[in-house]
């Protein structure tokens, strides 16, 4: 699953795709059918990359990407369902999440994100950062270091300034 460049913006609903970066922040485009563009200032807006989000676990944190993978094979409830049904579903896809730290609002947000992403082509693409090592090109053999020359390079000549024209 390739979620690189997909971000959540605090205070803005939905998910956004990072298109470019400028001096003050990022140019984002919404993943909905409206394709709204937004310039998120890094000084005021908080951006969270989906590929880096983790969920509180009992022992270790759970990567959001792993939860999405399990959600592919499960029947995902609507976000308007009862909190108990959502919690039961979340125990199916993330059995060792910390029930005290993961709120029902977090579960609704994760389900909503999944529903936005599941039909996009990037959701089924392989993550380029997690490419198997077997498919990588073989490493070039390491060459022996060349013995350094004893003579030092001649110092560089200083550039001459062009004479100023007098008018």
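Observations on the structure shown:
- Exposure proxy ranking for 106, 96, based on other Cβ atoms within 10 angstrom of each Cβ and starting from the fewest, stands as 96, 106.
- Note on residue 119 and residue 38: the model spin-label points, each 7 Å out from Cα along the C-beta direction, lie 2.0 nm apart.
- Contact order normalised by residue count of the stretch 6-128, Cα under 8 Å, 6+ apart, percent: 19 percent
- Likely footprinting exposure, 82, 98, fewest C-beta neighbours within 10 Å first: 82, 98
- Order of 97, 4 - criterion: other Cβ atoms within 10 Å of each residue's Cβ, fewest first: 4, 97
- In nm, spacing of pseudo-spin labels at residue 29 and residue 84 (7 Å Cα→C-beta vector): 4.5 nm
- For the stretch 6-128, convex hull volume per residue from C-alpha positions, Å³: 128 Å³
None of the figures in this text is laboratory data; all of them are computed from the coordinates on show. Computed from a predicted model, the values in this text were never measured in an experiment. FYI the Cβ positions are ideal-geometry reconstructions off the backbone, even for glycines, and counts take in every protein chain you see.
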